[in-house]
Amino acid sequence: VPLCWITSFSADKDGDLWIGSTPGGLILFKDGKFTAFNTKTGLFSNEIDCVVSGADGNIWMSSGTGIGRIRRVELEDFAAGKIHKIHCTVYGPADGVKANPPFNSGEPAGLQGYDGHILFATEKGAMMIDPGRFRKNVIPPPV
């Protein structure tokens, strides 16, 4: 794991610890072992301000570039050496994110509520994500 600033911690239901860092990206601490995820491995940013292990089975992250989501099982497969690249989805202004989350503000930048909704702090207030309502649009756009 590279030398970096720790910006956020999130424990999941299995007791694994997800760590947001800058410029180290996302770090998983599982079974006494650290695994780092960064842009070289497919992460959308090396500057993760906040990480939240969602009840939906995804890891949600905020960064100055937007909100990222990765399936937890994909990150675990990478850590176990089953795959060599991860794929994340990034949400920005084109997806309805009104403002980028604050970068390195030194304050907690997000959390998951009891109802499963995820809240992230942004430059313009709180942004709420309901992971249960996310659906992949499989219809190609008209040309």
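The values are calculated or read from the model by the stated rules, or taken from the named source; none is laboratory data. These numbers were taken from a predicted model, which means no experiment stands behind them. Positions of Cβ are backbone-derived with ideal geometry, glycine not excepted, and every protein chain shown enters the neighbour counts. Side chains are part of the model used for accessible areas, which takes the heavy atoms of the whole protein and leaves out ligands, DNA and RNA. Shrake-Rupley method; radii C 1.70, N 1.55, O 1.52, S 1.80 Å.
Across segment 114-133, what is the total count of residues that are surrounded by fewer than 12 Cβ atoms within 10 Å (Cβ to Cβ) and in contact with a Leu (Cβ under 9 Å, 6 or more places away or on another chain)? Number of matching residues: 2. Among the residues of segment 70-80, the one identified as open to solvent by 60 Å² or more (accessible area, probe 1.4 Å) and farther than 15 Å from D12 by Cα is A80.
Contact map, segment 1-26: first residue closer than 19 Å to G57 by Cα and touching a residue at least 12 places away in the same chain (Cβ under 8 Å), second residue in a strand (DSSP E or B) and open to solvent by 60 Å² or more (accessible area, probe 1.4 Å), Cβ cut-off under 7 Å, separation 6 or more or different chains; pairs are D16/F29; D16/K30; L17/F9; L17/A11; L17/F29; I19/I6; I19/F9; I19/F29. Might you check whether a residue that is at pLDDT 85 or above and either open to solvent by 40 Å² or more (accessible area, probe 1.4 Å) or over 15 Å from the mean Cα position of the chain (by Cα) (or both) occurs anywhere in segment 95-104? Checking segment 95-104: not a single residue is at pLDDT 85 or above and either open to solvent by 40 Å² or more (accessible area, probe 1.4 Å) or over 15 Å from the mean Cα position of the chain (by Cα) (or both). Among the strands (runs of 3 or more DSSP E) confined to segment 1-53, the ones with at least 3 residues that are closer than 13 Å to L75 by Cβ are located at 17-22, 25-30, 33-37. Cβ-Cβ distances below 8 Å connect the following pairs, each with a first residue in segment 118-143 that is farther than 18 Å from I59 by Cα, a second residue that is assigned to a strand (DSSP E or B), and a separation of six or more residues or different chains: A126/L119; A126/F120.
Just wondering, is there one or more residues in segment 120-141 that are under 26 Å from K30 (Cβ atoms), modelled with pLDDT under 85 and among the hydrophobic types (A, V, I, L, M, F, W, C)? Yes - at least one qualifying residue is present in segment 120-141.
Residues I83, I67: which one is open to solvent by 40 Å² or more (accessible area, probe 1.4 Å) and either at pLDDT 90 or above or of a type in the set (A, V, I, L, M) (or both)? Matching residue, one of I83, I67: I83.
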